[in-house]
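Encoded as C-alpha cells, the structure appears first; notes follow it.
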Amino acid sequence: MRVLVTGGAGYIGSHTLLELMAQGHEVCVLDNYSNATPEVLNRVRSLSNGTVTDFTGDVRDPAMLDEVMQNFRPDAVIHFAGLKAVGESEEKPLVYYDVNVGGTLALLHAMDRVNCRKIIFSSSATVYGEPVYLPYDEAHPTAPMSVYGQSKLMAENILTNWAKATPDASSVLLRYFNPVGAHHSSRIGEDPKDIPNNLMPFIAQVAVGKRDALTVFGDDYDTPDGTGLRDYIHVVDLARAHVAALNYAENATGARPFNIGTGQSYSVRDMVAAFERACGHTIPTKLAPRRAGDIAAMQADATRASQELGWNAEHGLDDMTASTWAWQSANPNGYDS
Ligand code: WQD
C-alpha cells in the first residue's frame, strides 16, 4: 500500500517506516521536525535502501496536506504527528489540543478530499486513567488524568465518529503502553531533546555518563518492591503492530481500539537491574518522592491485538535494554553524534 506517515521522523515513526518498507509498502513522511531531525530519514534510507518521499510541514496546515495528498495519493495514513509530554500538556493545554486534536481533524478533512479511507492512530494507554482493574482491556473505562491523555481520547472519538459516518472507512486506534528500545542496527533510536521525562532514556543517559544518577520517583507504592510497574514494549514490536493494523484496516470498516503492550510489567528497580546487565556497570540511583500524577501500576491485556491483528510482542526485557544501550553508546549525543 501507499502509506502516508505523519510524524515519520520521530522515534516510533522512524522504526515503523523500516517495518513498512520491509513488507513492501511505499512510504511518504510529513513532519515539521518539532521533536525530530531530518538526519533520521537519511538513516532510514540507508538502512532500507528504499525510497522515502518526504514533506516538511505541519499536520494542521490544509494547503500542505493537500499538496502531500495530491502528490503521493496515499491508500492509508499512519498518524503519529503530535505532542507527547504529559507535564508540558498541563502547562500548555491549548497547544496540546490544537496540535493533537486540531491536527487529527485537519488530516481527516484532507483525507476526505482525496477519498482516503484508512487511518491508523497513535493513541496511548494513558486514555484509561486510574485503573479500575488490571490488566486494562479495551473495555476498561476511559478517564484520562492529563491534558495529553484527554487530547488523545478526543482524537479517538473524532476518528470513531468519522469511521462510522464514512463509507468503507476504518480507524484503527493503537493504545501504546511504554515504548522503549531501539532498532538492532543501533542507527535509529530515541533522542529526547531536553532532559528525558521517561525512565528508559534517562537511565540510558546515566549509563553513558551524561547524567549523574537516576531519580527514582517513589518506593512506597503498593507493588512488590515499592516502585512503579509499567508494561514496557520494544519499539520494533510496536512498529510491527502498525503494519499488522494496516493489513487489518484494508478489509475493515468502523473504528476499533487495540492495546499494544506485552502483558508483562516491570518495576523501576527491575529496569535498572536489566540495564546494568546490558551495560555492565552500576547505574547510580537516588530516591525522591512520588511524581505528581503517577499511578502505581499499568499493564496491558493485549489479547485483542493477538486475536484480531495477529500481532504478538516478540522482544523481551533484555532485548529492550540491550538495544537501548547499543543505540545510546553508539550515539552518545543522539542524532548529533
Ligand atoms: C515509568 C516509571 C515513573 C522517570 C508516560 C506517559 C504515557 C506514555 C509513556 C506516551 C514510573 C518512573 C520515570 C524517572 C522514575 N507516553 N520514573 N524516574 O509515566 O508510565 O508514561 O510515558 O506518549 O502516556 O504518561 O512513563 O517512563 O515517565 O515512567 O522513577 O526519571 O518510571 O515514576 O513509575 P509513564 P515514564
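The values are calculated or read from the model by the stated rules, or taken from the named source; none is laboratory data. These numbers come from a predicted model, not from an experiment. A quick note on method: Cβ atoms are made from the backbone with ideal geometry, for glycine too, and the neighbour counts reach across all protein chains shown. The accessibility values were calculated without ligands, DNA or RNA, using every heavy atom of the protein model including side chains. Shrake-Rupley method; radii C 1.70, N 1.55, O 1.52, S 1.80 Å.
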Any chance you could count how many residues in region 101-130 are part of a helix (DSSP H, G or I) and either basic (Lys, Arg) or without any contact (Cβ under 8 Å) to a residue 12 or more places away in the chain (or both)?
-> 1
Within region 277-301, how many residues turn out to be open to solvent by 80 Å² or more (accessible area, probe 1.4 Å) and within 11 Å of the ligand (Cβ to nearest atom)?
-> 6
Within region 293-316, identify whether any single residue is within 17 Å of Glu190 (Cβ to Cβ) and out of contact with any Leu (no Cβ under 8 Å at 6 or more places or on another chain), and answer yes or no.
-> yes
Restricting attention to region 145-163, and to residues there that are open to solvent by 20 Å² or more (accessible area, probe 1.4 Å) and not aliphatic (A, V, I, L, M), which single residue is nearest to Val99 (Cα to Cα)?
-> Tyr148
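Specify which of the listed residues (Ala85, Ala110) is within 11 Å of the ligand (Cβ to nearest atom) and among the aliphatic types (A, V, I, L, M). Quick ask: steps written out before the conclusion?
Values: Ala110 fails: within 11 Å of the ligand (Cβ to nearest atom).
On inspection, the qualifying residue turns out to be Ala85.
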Cβ-Cβ under 6 Å pairs, at least 6 apart or on other chains, region 131-152 side over 13 Å from Gly293 (Cβ atoms), far side within 14 Å of the ligand (Cβ to nearest atom) and open to solvent by 70 Å² or more (accessible area, probe 1.4 Å) = none
Residues (touching a residue at least 24 places away in the same chain (Cβ under 8 Å), in a helix (DSSP H, G or I) and under 25 Å from Ser124 (Cα atoms)) located in region 202-219 = Ile203, Ala204, Gln205
For region 101-129, which residues satisfy the criterion of being surrounded by 22 or more Cβ atoms within 10 Å (Cβ to Cβ) and among the basic types (Lys, Arg)?
-> Lys118
What is the number of the single condition among (1) among the acidic types (Asp, Glu); (2) farther than 24 Å from Ala163 by Cβ; (3) without any contact (Cβ under 8 Å) to a residue 60 or more places away in the chain; (4) surrounded by fewer than 21 Cβ atoms within 10 Å (Cβ to Cβ) that Asp98 does not meet?
-> (2)
Would a scan of region 176-198 turn up a residue that is at pLDDT 95 or above, more than 9 Å from the ligand (Cβ to nearest atom), over 23 Å from Gly8 (Cβ atoms) and charged (D, E, K, R)?
-> no
Name every residue in region 252-274 that is open to solvent by less than 30 Å² (accessible area, probe 1.4 Å) and in a strand (DSSP E or B), in order of residue number.
-> Gly254, Pro257, Phe258, Asn259, Ile260, Ser267
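If you check Glu314 against the conditions, is it surrounded by fewer than 18 Cβ atoms within 10 Å (Cβ to Cβ), in contact with a helix residue (DSSP H, G or I) (Cβ under 7 Å, 6 or more places away or on another chain) and at pLDDT 95 or above?
Values: surrounded by fewer than 18 Cβ atoms within 10 Å (Cβ to Cβ): yes; in contact with a helix residue (DSSP H, G or I) (Cβ under 7 Å, 6 or more places away or on another chain): yes; at pLDDT 95 or above: yes.
Yes, satisfied.
Mind checking whether some residue in region 240-249 is part of a loop (DSSP other than H, G, I, E, B), open to solvent by less than 10 Å² (accessible area, probe 1.4 Å) and either among the acidic types (Asp, Glu) or within 15 Å of the ligand (Cβ to nearest atom) (or both)?
As a first pass, look at region 240-249 and keep what is part of a loop (DSSP other than H, G, I, E, B): none.
Taking every residue of region 240-249 in turn, none turns out to be part of a loop (DSSP other than H, G, I, E, B), open to solvent by less than 10 Å² (accessible area, probe 1.4 Å) and either among the acidic types (Asp, Glu) or within 15 Å of the ligand (Cβ to nearest atom) (or both).
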Restrict the check to region 220-232 and report whether at least one residue is crowded, with 18+ Cβ neighbours inside 10 Å, away from the ligand (no atom under 13 Å from the Cβ) and not in a helix (DSSP H, G or I).
-> no
Scan region 242-273 for residues that are of a type in the set (Gly, Ala, Ser) and over 22 Å from the mean Cα position of the chain (by Cα) and report the count.
-> 3
Subset of region 199-219 [within 8 Å of the ligand (Cβ to nearest atom) and open to solvent by 30 Å² or more (accessible area, probe 1.4 Å)] = Leu199, Phe202, Thr215, Phe217
